[in-house]
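Here, each number is a calculation from the coordinates, and none is a lab measurement. All figures in this text were calculated on a predicted structure; none of them were measured in a lab. Methodologically, a virtual Cβ is constructed for each residue, glycine included, from the backbone with ideal geometry; neighbour enumeration extends over all protein chains shown.
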Number of protein chains: 2
Amino acid sequence: MDNQVVIDSKERVDDLLIGQLKVIQHEKEFCFSLDAILLSHFVTVKPGIKAVDLGTGTGVIALLLAARGAEHVTGLELSQTMADMATRSVFLNQLDGKVKIIQGDLCNIKDILSSEGYDLVVSNPPYRPVGGGYISPNDNVARAKHEVTATLQDVVNAARYLLKYRRGRFAMVHLPERMAEILTAMTQAGIEPKVLQLVYSSLDKKPVMLLVEGVKGAKPGLEVLPPLVIYKPDGSYSNEIMQYYKEYR
Amino acid sequence: MDNQVVIDSKERVDDLLIGQLKVIQHEKEFCFSLDAILLSHFVTVKPGIKAVDLGTGTGVIALLLAARGAEHVTGLELSQTMADMATRSVFLNQLDGKVKIIQGDLCNIKDILSSEGYDLVVSNPPYRPVGGGYISPNDNVARAKHEVTATLQDVVNAARYLLKYRRGRFAMVHLPERMAEILTAMTQAGIEPKVLQLVYSSLDKKPVMLLVEGVKGAKPGLEVLPPLVIYKPDGSYSNEIMQYYKEYR
């Protein structure tokens with residue numbers, strides 16, 4: 001039996017091409033991109049875990065973590081508009097037993113969720129510091145792309161608070177240019193970076209994205225995976241990327 | 001006119017295939033490897049700079065920095081045996097006006113060299129923490145490969161002491177598995193990581209080496225270069241590596 005949800009005329013329902021997941025998006029709001037797919041695939045998801053997605057936006061990562069076997073995923077989102085849209089996507093996919101969207105500010109995480117109660121925290125946070133580039137006039141899009149409401153340090157601090165001590169995992173997708181800041185912030189928060197992968201459009205160019213996973217309380221020692229290439233020379237998705245879609249079917 | 005130096009019967013004189021540089025090595029001691037060549041090429045060497053190579057070993061990096069245009073290079077080496085050999089290599093290449101080898105412990109850098117007096121500090125330090133793997137029975141080889149006498153933190157602290165404030169550069173070759181520790185240590189020492197390159201034997205495998213350069217007092221923002229591949233599929237050196245040798249001719 002399908003669930004029914006109300007869709008605004010400016011909204012659309014996109015097929016994730018993964019499992020049979022669908023996600024509601026709005027033409028004027030931030031829409032998910034490949035970054036979210038890459039993070040959802042990269043992160044270690046053990047069966048039965050409890051996870052949090054910080055700044056869930058459309059909810060796409062929360063939905064995908066549930067599809068990958070998480071027992072429960074909380075998606076935290078600052079924007080009421082985005083949180084409403086993500087909540088309807090959860091219902092549309094009949095995942096309301098597994099995924100819960102909460103409107104709230106990750107900077108106030110202590111008032112929202114319990115400490116050290118989660119196995120996994122993920123985030124596809126705003127990539128650019130304020131002052132670093134064009135700021136979108138749409139508030140929600142600006143907040144999704146620039147550190148207007150939460151900095152890298154805020155995200156890492158929230159993860160530190162939420163994660164179980166020993167074995168709690170934190171994963172993020174971000175820009176390679178912020179790698180030193182990311183690894184330093186994680187290390188200082190006691191979340192030891194353990195796996196890192198750089199994502200390339202083409203191997204003769206600089207990487208375009210960074211995937212990193214850390215473990216709270218772990219010993220130093222980082223596994224750097226082979227490069228992940230998005231496109232074939234003809235511009236179509238590489239076998240690795242196509243594989244991600246197949247794995248969920 | 002060639003310089004004459006005395007060579008022990010267990011020593012050999014290896015041609016660096018770069019400029020016309022030669023380096024004396026001993027069959028029982030630590031011999032330089034591709035790591036040193038990669039670091040010497042990777043690092044930014046502006047004409048007329050004063051540089052220090054921490055743990056210079058055979059002196060190969062100090063010789064190459066001079067060949068790349070450094071006005072003066074100090075090679076600091078703990079082992080008296082290695083320092084003697086490196087000093088003879090300097091004379092053999094008639095670079096005694098530009099390169100000076102000093103026997104000393106980088107942990108006591110304040111007693112050996114002046115603070116904030118150098119434009120560039122480089123190091124090809126011991127890669128592995130003590131306790132991490134086989135320890136060579138030869139003391140000097142052990143010290144070159146394991147952090148017996150100096151840790152990563154000691155190397156970074158010495159670099160911080162030596163470098164001029166603003167624009168002083170520090171570069172290192174190391175293992176990718178220690179990337180988080182390296183970037184954190186540099187950041188905490190006020191040497192902001194600015195350029196990083198991963199070195200691969202093959203692009204479908206994990207990287208084998210890490211090259212990183214930081215600038216004292218710089219703002220955050222890391223440029224991650226395209227992957228550097230050592231070998232062609234047929235096992236010969238890649239065009240990039242061959243190019244390094246050509247550039248010095």
Looking only at the stretch B:197-208, count how many residues are within 7 Å of chain A (Cβ to nearest Cβ) and either small (G, A, S) or surrounded by fewer than 22 Cβ atoms within 10 Å (Cβ to Cβ) (or both). 4
Hey, A:V229 hits all of (1) surrounded by fewer than 17 Cβ atoms within 10 Å (Cβ to Cβ); (2) within 14 Å of chain B (Cβ to nearest Cβ); (3) of a type in the set (A, V, I, L, M) but one; which does it fall short on? (1)
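Among the residues of the stretch B:35-43, are any part of a loop (DSSP other than H, G, I, E, B), in contact with an Asp or Glu (Cβ under 7 Å, 6 or more places away or on another chain) and closer than 29 Å to B:R160 by Cβ?
So in the stretch B:35-43, the residues part of a loop (DSSP other than H, G, I, E, B) come out as B:43.
Now restrict to residues that are in contact with an Asp or Glu (Cβ under 7 Å, 6 or more places away or on another chain): B:43.
Next, from what is left, pick out any that are closer than 29 Å to B:R160 by Cβ: B:43.
Yes, because at least one residue in the stretch B:35-43 is part of a loop (DSSP other than H, G, I, E, B), in contact with an Asp or Glu (Cβ under 7 Å, 6 or more places away or on another chain) and closer than 29 Å to B:R160 by Cβ.
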Total residues in the stretch A:153-177, condition within 11 Å of another protein chain (Cβ to nearest Cβ) and over 18 Å from A:L225 (Cβ atoms): 1
Of residues in the stretch A:53-67 being part of a helix (DSSP H, G or I) and in contact (Cβ under 8 Å) with a residue 60 or more places away in the chain, the one farthest from the chain's Cα centre (by Cα): A:A67
Return the residues of the stretch A:209-225 that are more than 10 Å from chain B (Cβ to nearest Cβ) and farther than 15 Å from A:R169 by Cβ; say none if nothing qualifies. A:M209
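Does B:A180 satisfy the criteria of being facing chain A (nearest Cβ under 10 Å), touching a Lys or Arg at 6+ places or on another chain (Cβ under 9 Å) and of a type outside the set (F, W, Y)? I'd like the intermediate steps shown before the answer.
Details: facing chain A (nearest Cβ under 10 Å): yes; touching a Lys or Arg at 6+ places or on another chain (Cβ under 9 Å): yes; of a type outside the set (F, W, Y): yes.
Answer is yes for this residue.
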Please give the number of the condition B:G131 fails out of (1) in a loop (DSSP other than H, G, I, E, B); (2) away from chain A (no Cβ under 14 Å). (2)
What tally of residues in the stretch B:185-196 results from selecting those that are facing chain A (nearest Cβ under 8 Å) and touching an Asp or Glu at 6+ places or on another chain (Cβ under 8 Å)? 4
Any chance you could count how many residues in the stretch A:185-205 are assigned to a loop (DSSP other than H, G, I, E, B), farther than 25 Å from B:A189 by Cβ and touching a residue at least 24 places away in the same chain (Cβ under 8 Å)? 3
Exactly one condition in (1) part of a loop (DSSP other than H, G, I, E, B); (2) out of contact with any Gly (no Cβ under 9 Å at 6 or more places or on another chain); (3) among the small types (G, A, S) is false for B:A70; which is it? (2)
Given (1) more than 25 Å from A:A180 (Cα to Cα); (2) within 8 Å of another protein chain (Cβ to nearest Cβ); (3) of a type in the set (A, V, I, L, M, F, W, C), B:I241 misses just (2)
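Test B:I37 against the stated conditions and say whether it is closer than 14 Å to B:V173 by Cα, β-branched (V, I, T) and surrounded by 17 or more Cβ atoms within 10 Å (Cβ to Cβ). Write out each step before concluding.
Values: closer than 14 Å to B:V173 by Cα: yes; β-branched (V, I, T): yes; surrounded by 17 or more Cβ atoms within 10 Å (Cβ to Cβ): yes.
Criteria met by B:I37.
Answer with yes or no whether B:A180 is part of a helix (DSSP H, G or I), over 18 Å from the mean Cα position of the chain (by Cα) and hydrophobic (A, V, I, L, M, F, W, C).
Working: part of a helix (DSSP H, G or I): yes; over 18 Å from the mean Cα position of the chain (by Cα): yes; hydrophobic (A, V, I, L, M, F, W, C): yes.
So B:A180 fits the description; yes.
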